[in-house]
Amino acid sequence: MAVKRKYPIGIQDFEKIRRDGYVYVDKTPLLYKMISEGCPYFLSRPRRFGKSLMVSTLAAIFEGKRELFEAFTTEDGIEQPQLYIAQTDWRWERHPVLSFDFSGDIDSLEGLDEQIDDTLSLYERQFGITPTARSYNVRMRNILRQAHEQTGRQAVVLVDEYDCMMLHSIGDAEKQSAVRQRFQNLFSPLKSEDAHLRFVFITGISKFSQMGIFSKLNNLNNISMLPAYETVCGISEQELLTAMHPDIELLAEAKGQTFDETLDILKRNYDGYHFGELLTDIYNPFSLIKTFSSGKIADYWFTSATPSALISMLAQMPRVEMDEVEGTPCLADDFDTEFNSYQNPLPVLYQSGYLTIKDYRPGRNQYVLGFPNGEVRRGFATCLYRYVTNTQAGNRNRSVFQNAYLDFRDDGDIDAFIRALQVFFAGVPYMIDDKNEHHFHAMLYTLFVSFGADVVAEDLSAKGRADITLKMPKGIYILELKYDDSADAALQQIADRGYAQKYTMDGRPITCVGLSFSSTERNITDWKNTSP
């Protein structure tokens, strides 16, 4: 029988994880490769994907804390296995390590100045430096030189979440410019003082080229989409099936499921991230450990990864329609566009973790993007809903709609469901300027996804495609939408093109639903349903 283990929820300190007996998935094979090559590195990954833990692990390596990487037994009797790097020829020399952590909630320039000053002051005290200038770059340069001179070893600089404040000040061009100037000043010595540096590692969500902060540091090796480093953050399927095998067993036992059934649920909800052309499957680490800790499947990452920031991003972008995101291609160059331009929102959504690479077309150097899994798909739909309503009335109507949807799902009460839809559309002022059928269709699809429905948009058949197909536990519903036309016309199209035929062997009853949407009323004005 599997024994429940300790999971490091909210803990990013490598030493604490190892000494206190928490589960750690060994990433040191890739870290060993990285530090052996010794280049200045940049890594982009979404929030809560293990970047901060990686920074902490690198700090422990360069501080020479070999004992943390060997096999040992904790004070509580938990056996910690030996990690890969302890078996290598790594010399475990102690280097001066300078860590800059910008992952906290810094919402003002004064707060940013205070944090930078506190960090620089810490290292100035450590190396006995009396500041003679206020400029960040001069202070950083003096620290690097003194650290090397006093220890006899080059310094290591680790920067975590460099772009956090930039992402939280979207739409405020003046503040973003001021943040950019501060960071350009602070980090400019990372190139000019290369002789005093052993290793540089910078993490963020957006690519550094987009923020213009490291324009002078053009020797950074961006490993964000390199095949060799696809698994450096997150949990690969191989790691899940080996390092976390007992955790799946325990979850399956608690739920009365087989191992394979539980694995399938985890895969549908948390897998599907790809960070390069090899398309190696990566699971969301935060959602996995939350699930193993609580014994419950839920949308942990999305609710913790600041959906409000996503809504702010959506407000700056060209409109994103839920049903158009899947299968959208992006050229490799699109990922290097200026972050704040938002002319193409898809690369921004990819870097934030809301989309992932679904396919790679090498002949075109083109990436096809889409939602990674059920958790993100549902959460993104919910954010789109909040964005287009953006009112207290809209939130109340959503509750009414959800209850009607659940009644529809469980009891087949389609009339009450459509009446709830009318309440919903009555509270959506965003649709005033959207006089087309497609937006109506996209909004319906988004709502269904946000409630976890098994829904297909533009459902292909031999003679065409149905607007929306809902696969409910007790029936299949084929919806055809007409704009300034009749519900009868919608039903006739379903019949003429045989949309229902592909589901005749399913076993569930089939219902064809015709909906008429009025451009003047901006709402559903007529609906009818029938069996095929």
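The values are calculated or read from the model by the stated rules, or taken from the named source; none is laboratory data. Here the structure is a predicted model, which means the values were calculated and not measured. A quick note on method: Cβ atoms are made from the backbone with ideal geometry, for glycine too, and the neighbour counts reach across all protein chains shown. Areas reflect the complete protein model, heavy atoms only, side chains present, ligands, DNA and RNA absent. Shrake-Rupley method; radii C 1.70, N 1.55, O 1.52, S 1.80 Å.
The angle separating the long axis of helix 487-496 from the principal Cα axis of greatest extent in the chain is about 80 degrees. Taking every DSSP beta bridge that has both ends in the chain, the antiparallel portion is near 55%. Mean sequence separation of contacting Cα pairs (under 8 Å, at least six apart), scaled by the length of the range 247-288, corresponds to a relative contact order of 27 percent.
Principal axis analysis of the Cα atoms in the chain yields extents of 84, 58, 46 Å, listed in decreasing size. Think of a 1.4 Å ball rolled over the protein heavy atoms: the range 4-91 then has 44 Å² of accessible area per residue.
Can you give the angle from 0 to 90° between the axis of helix 307-316 and the longest principal axis of the chain, with both taken from C-alpha atoms, to the nearest 10? Between the helix axis and the principal axis of the chain, the angle is about 80 degrees.
Atom-type composition of the exposed protein surface of the chain places 46 percent of the accessible area on carbon and sulfur (1.4 angstrom probe).
Relative to the longest principal axis of the Cα atoms of the chain, the long axis of helix 51-62 lies at roughly 20 degrees. When nucleic acids and ligands are ignored and a 1.4 Å probe is applied, Met165 ends up with an accessible area of around 10 Å². Shape index of the range 249-304: Rg/Rh, with Rg the Cα radius of gyration and Rh the Kirkwood radius from the inverse mean 1/r over Cα pairs, equals 1.01. Tell me the net charge near Gly514. Cut-off is 11 Å between Cβ atoms, Gly514 excluded, with +1 for each Lys or Arg and -1 for each Asp or Glu. My count for the surroundings of Gly514 gives -3. If you add up the charges near Gln492, with Lys and Arg at +1 and Asp and Glu at -1, over every other residue whose beta carbon is less than 12 angstrom from its beta carbon, what do you get? Within the 12 Å Cβ shell, the charges total -1. Counting only protein heavy atoms and a 1.4 Å probe, the range 101-256 has 43 square angstrom of accessible area per residue. When the residues Ile297, Ile85 are ordered by accessible surface, computed with a 1.4 Å probe over the protein chains alone, the sequence from largest down reads Ile297, Ile85. Taking other residues whose beta carbon is less than 13 angstrom from the beta carbon of Arg125, and scoring Lys, Arg as +1 and Asp, Glu as -1, yields -2. Dividing the summed -39500 (n - 2.57) terms of all DSSP H runs of n ≥ 4 by the residue count of the chain sets its mean residue ellipticity at 222 nm at -12500 deg cm²/dmol.
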